[in-house]
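Colleague: One structure follows; several queries about it will come next.
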Amino acid sequence: MSRPAPGAVKAPDPAPATGVPDARDSRPERRPWLWVAWAVLVVLLAQLVAFVLRSDRLELSVVGEYLFAEPILDGLVTTIALTAIATVLGTVLGALVCLARLSSLAPLRYAAAAWIAVFRSVPPLVQLLFWFNLAYLVPVLSIGIPFGPSVGEWSANDVITPYTAAVIGLSLYNSPYSAEIIRSGLSAVPRGQLEAASSLGLPARDTFFRIRLPQATRIILPPMGSQVISLLKGTSLVSVIAMTDLLGAAREVYTRTFEVVPLLIVAILWYIVLVAALTAGQSWLERRFSRGY
Amino acid sequence: MLRVRGLGKRFGDTVALADVDLDVAEGEVVVVIGPSGSGKSTLVRCIDLLEDIDAGSVELDGELLGFRVDRRGVLRRLPARRTAPQRRRMGMVFQSFNLFAHLTVERNVWEAPVRALGEPLAEARARAHQLLERVGLGHKGDAYPVQLSGGQQQRVAIARALAVRPRLMLFDEPTSALDPELVGEVLAVMESLAQERTTMVVVTHELQFAREVATRVVFMDAGRVVEQGTPDEVFGNPRTERLQTFLQRFSAAS
Ligand SMILES: Nc1ncnc2c1ncn2[C@@H]1O[C@H](COP(=O)(O)OP(=O)(O)OP(=O)(O)O)[C@@H](O)[C@H]1O
Ligand SMILES: [Mg+2]
């Protein structure tokens, strides 16, 4: 909603002069600190703008030159793809781990707790390096009956590329957080809602998917949004395993041209754009799922 | 129709129900009264399978609720997914309404008929609309529960419970969370159900309602059924001292 024009705000009808206090005659309280705060903000902004315009090291022209350059855009696509894949896989894994944690079967609960403990303890950088070097630990990957014959075998060196290592590492790193976020959402659904559903004889599946999950989603979305944003920034670690993401692309350019700061600014600008887009998506989803609250 | 025998329920060291027997015949309106903590809510929650019972049995139309007898004659507690059909035969109205907050009023009413009974959507919606009209809320179908007053929410909750065509309606203090001026509209709906000979078990502190609508009044204290009879017997001629004290305290309060 837009604010009415200033003219419309000021007393449309003056109150009749009866001598009794009348809200129509009132004016807003004086707020001197408001103007001080504005002044400080304006000065700081002016300083920033002056710094940007005057600095010759910022090389804004270089920033402009590379902002839409092909290697940078390729890196940007890699960053977006990695974030998207690791978000989806991490959330699916997290959902499974969460269901296992809430399961009535004790072995599943223990396995889920162990999973969360392990993958939450290992820093993401360490996980990327570990998965990238998996071939050293397990030279041959095989699928088959445990301790029995195998159905298929692959050389770990062929399977583990920088890309798969990045996807595996980031998804696994993401999964325990997703699991805990989903669990906190599911447990926050009021008991009465579930009692009402079971009292109506709603089958367990429908109770979960139509009552519990939609209500939990409202609670899950804000922390999940932050989690996706951290993951997006976490993808910048993949350059250590020779992947060219947004940051990697910027680095490749500046190791050639030595224009370090302008290229970092290119990367920063794109990260800001990506996070802004994610934030917009998140608020849209939050609005959708807060219907009825 | 409903037969409760030797029902017992404890929460840790608290005995909430001890050896409760209760029979409800078709078309009866049984009102359960008693002091706070006497086990009234626990009783209706046990009947509705919201609590696992510790002793005794509950039967509806001759069918044991919440258990099955296996081939060797061993009694086995049914898992939640197996009790859904049994729960559907009872409708429960909660003190705190418990309407599904993320669904519109109309959808609150048709969700269970469509998902649980497999009614076609169009049919279920038409019936949801009818039920809402019947509780005086035909125009509120598209609203969300938060947009309704407490009394309106509770009337929706009644419509929702009726939508699965239950054999028996259970009410746990349906008006206790309401402002005094909203109590009447909910009691009116319940009274109209009683006139259509809906079988009901009603926990309430509205003694006036008990007097006028109940076919039988059950007085509970400390987890036991202490006295029961027609409203005239129970209110006009209380036999036990506990009921006399309870009624005195009540008339003094109101
Ligand atoms: N979930 C629970 N956990 C532990 N104790 C409980 C639980 N539910 C009920 N109780 C206990 O069981 C006893 C009976 O409680 P119940 O809610 O059935 O009483 P009530 O007659 O419905 O009381 P009120 O009129 O206050 O609603 C009380 O002592 C109560 O503290
Ligand atoms: Mg109670």
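Taken together, the values in this text are just the output of simple stated rules run on the coordinates, not laboratory data. As the structure is a computational prediction, the values presented were derived from the model and not from experiment. Ideal geometry is used to build each Cβ from the backbone, glycine not excepted, and the neighbour counts take in all protein chains shown.
Colleague: If you line up the Cα atoms of chain B on their principal axes, what length do they span on each, largest first, in Å?
Modeller: Result, largest extent first: 55, 53, 33 Å.
Colleague: Strictly greater than 20 Å: what percent of every Cα pair in segment B:92-171 meets that? Intermediate values should be presented prior to the final figure.
Modeller: Numbers: 654 of 3160 pairs.
Of all Cα-Cα pairs in segment B:92-171, 21 percent lie more than 20 Å apart.
Colleague: Please compute the average number of Cβ atoms from other chains found within 10 Å of each residue's Cβ in peptide B:107-116. Numbers along the way, then the final one.
Modeller: Working: counts 1, 2, 0, 0, 6, 10, 1, 2, 11, 7.
Other-chain Cβ atoms within 10 Å of each residue's Cβ, averaged: 4.
Colleague: Now, a different point. Would you please name the trypsin sites (Lys or Arg not before Pro) within segment A:32-113 that are DSSP coil residues with at most 12 other C-beta atoms within 10 Å of their C-beta?
Modeller: Taking segment A:32-113 and a limit of 12 other Cβ atoms within 10 Å, the loop trypsin sites (Lys or Arg not before Pro) found are A:ARG57.
Colleague: Provide the convex hull volume over Cα atoms per residue for the protein assembly as shown, in Å³.
Modeller: Spelled out: Cα convex hull of the protein assembly as shown, divided by residues, is 284 Å³.
Colleague: Quick one: Cα centre-to-centre distance for segment A:166-231 and segment B:52-98, in angstrom?
Modeller: Rounded to whole Å, the Cα centres lie 29 Å apart.
Colleague: Now a separate question. Loop only by DSSP, 14 or fewer other Cβ within 10 Å of the Cβ. Give me the trypsin sites (Lys or Arg not before Pro) in segment B:139-206 that pass, ordered by residue number. It would help to have the intermediate numbers written out before the result.
Modeller: Working: sites: B:LYS140, B:ARG155, B:ARG160, B:ARG167, B:ARG197; in loops: B:ARG167, B:ARG197.
Answer by residue number: B:ARG197.
Colleague: In debye, nearest 20: dipole of segment B:120-254 around its Cα centre with unit charges on the Cβ of K, R (+) and D, E (-)?
Modeller: That gives a dipole near 440 debye.
Colleague: Once both axes come from the Cα atoms, what is the angle between helix A:162-188 and the longest principal axis of chain A, in degrees from 0 to 90, rounded to 10?
Modeller: The two axes meet at around 60 degrees.
Colleague: I'd like the mean, over residues of A:209-218, of how many other protein chain beta carbons sit within 10 Å of each residue's own Cβ.
Modeller: Details: counts 1, 8, 6, 0, 0, 4, 4, 0, 1, 2.
Taking the mean over all residues of the peptide, I get 3.
Colleague: State the Cα centre-to-centre distance between segment B:138-183 and segment A:86-101 in whole Å.
Modeller: Using only Cα atoms, the two centres lie 37 Å from each other.
Colleague: Can you spot the aspartates and glutamates whose alpha carbon is less than 19 Å from B:LYS140's alpha carbon? Ignore those fewer than 8 places along the same chain.
Modeller: B:GLU106, B:GLU111, B:GLU123, B:GLU185
Colleague: Hey, got a sec? Which trypsin sites (Lys or Arg not before Pro) in segment B:37-80 land in a DSSP loop and have at most 14 other Cβ atoms within 10 Å?
Modeller: Values: sites: B:LYS40, B:ARG45, B:ARG68, B:ARG71, B:ARG72, B:ARG76, B:ARG77; in loops: B:ARG71, B:ARG72.
Of the trypsin sites (Lys or Arg not before Pro), the ones in loops of segment B:37-80 whose Cβ has at most 14 other Cβ atoms within 10 Å are B:ARG71, B:ARG72.
Colleague: Now for a different question. Taking A:LYS233 as the anchor, which aspartates and glutamates have their alpha carbon closer than 13 Å to its alpha carbon, excluding any fewer than eight residues away along the same chain?
Modeller: A:ASP245
Colleague: Please arrange A:SER175, B:SER149 by how many other C-beta atoms lie within 10 Å of their C-beta, fewest to most. List each step's numbers first, then the result.
Modeller: Numbers: A:SER175 25, B:SER149 13.
With the fewest neighbours first, A:SER175, B:SER149 line up as B:SER149, A:SER175.
Colleague: Per residue of segment A:113-124, in order, report the coupling 6.51 cos²θ - 1.76 cosθ + 1.60 (Karplus, θ = phi - 60°) as ³J(HN,Hα) in whole Hz, putting x for Gly and Pro.
Modeller: Listing the rounded values in order: 5, 5, 4, 4, 4, 5, 6, 8, 7, 8, x, x Hz.
Colleague: Picking from B:PRO79, B:PRO174, B:PRO145, which is most flexible by a Gaussian network model of chain B using Cα springs under 10 Å?
Modeller: It is B:PRO79.
Colleague: If you don't mind, there's one more thing I want to ask. Between exposed GluC sites (Glu not before Pro) in chain B, where DSSP calls loop and at most 12 other Cβ atoms lie within 10 Å, what's the longest gap?
Modeller: Counting at most 12 other Cβ atoms within 10 Å as exposed, the longest clean stretch of chain B is B:27-195.
Colleague: Relative contact order, percent, of chain A when contacts are C-alpha pairs under 8 Å separated by at least 6 residues?
Modeller: On the way: 279 pairs, mean separation 68.5, N = 293.
Taking the mean separation of contacting Cα pairs over the length of chain A, I get 23 percent.
Colleague: Using a simple charge model, +1 on the beta-carbon of Lys and Arg, -1 on the beta-carbon of Asp and Glu, nothing else, what dipole does the protein assembly as shown show about its Cα centre, in debye to the nearest 20? Don't skip to the answer; put the middle values down first.
Modeller: On the way: 56 positive and 52 negative charges, 94 e Å.
The dipole of the protein assembly as shown has a size of about 460 debye.
Colleague: Using the Kirkwood formula on the Cα atoms of chain A, what hydrodynamic radius do you get, in angstrom to one decimal?
Modeller: Numbers: mean 1/r = 0.0414 Å⁻¹.
Kirkwood hydrodynamic radius for chain A: 24.2 Å.
Colleague: Okay, next question. Report, as an integer, the average count of C-beta atoms from other chains found within 10 Å of each Cβ along A:185-197.
Modeller: On the way: counts 0, 0, 0, 0, 1, 3, 2, 7, 5, 2, 7, 14, 8.
Mean inter-chain Cβ contacts per residue within 10 Å come to 4.
Colleague: Taking chain A as a Gaussian network, where each spring joins two C-alpha atoms under 10 Å apart, which residue of A:TRP33, A:TRP115, A:TRP131 fluctuates the most?
Modeller: Between A:TRP33, A:TRP115, A:TRP131, it is A:TRP33 that shows the largest mean-square fluctuation.
Colleague: Pick from A:PRO21, A:PRO71, A:PRO32: which is most flexible by mean-square fluctuation in a GNM of chain A where alpha carbon atoms under 10 Å apart are linked?
Modeller: Greatest mean-square fluctuation among the candidates belongs to A:PRO21.
Colleague: With Rg and the Kirkwood Rh both taken from Cα atoms, where does Rg over Rh land for segment A:159-293?
Modeller: On the way: Rg = 20.4 Å, Rh = 17.7 Å.
Taking Rg over the Kirkwood Rh, I get 1.15.
Colleague: Moving on. Restricting to DSSP H runs of at least four residues, report the calculated mean residue ellipticity at 222 nm for chain A, -39500 (n - 2.57) per run over all residues, nearest 500 deg cm²/dmol. Don't skip to the answer; put the middle values down first.
Modeller: Values: 13 runs with 200 residues, N = 293.
Here the helix-only value at 222 nm equals -22500 deg cm²/dmol.
Colleague: In vacuum, with every alpha carbon of segment B:137-208 counted as one equal point scatterer, what does the Debye formula give for log10 I(q)/I(0) at q = 0.20, 0.26 Å⁻¹? Two decimals, please.
Modeller: Ignoring solvent entirely, the Cα scatterers give -0.89, -1.38.
Colleague: How many angstrom lie between the C-alpha centres of segment A:255-278 and segment B:208-223?
Modeller: Measuring centre to centre over Cα atoms gives 74 Å.
Colleague: With a 10 Å Cβ neighbour count serving as the proxy for reagent exposure, in which order, fewest first, do B:ARG3, B:ARG88 appear?
Modeller: Working: B:ARG3 17, B:ARG88 20.
Arranged by neighbour count, lowest to highest, B:ARG3, B:ARG88 become B:ARG3, B:ARG88.
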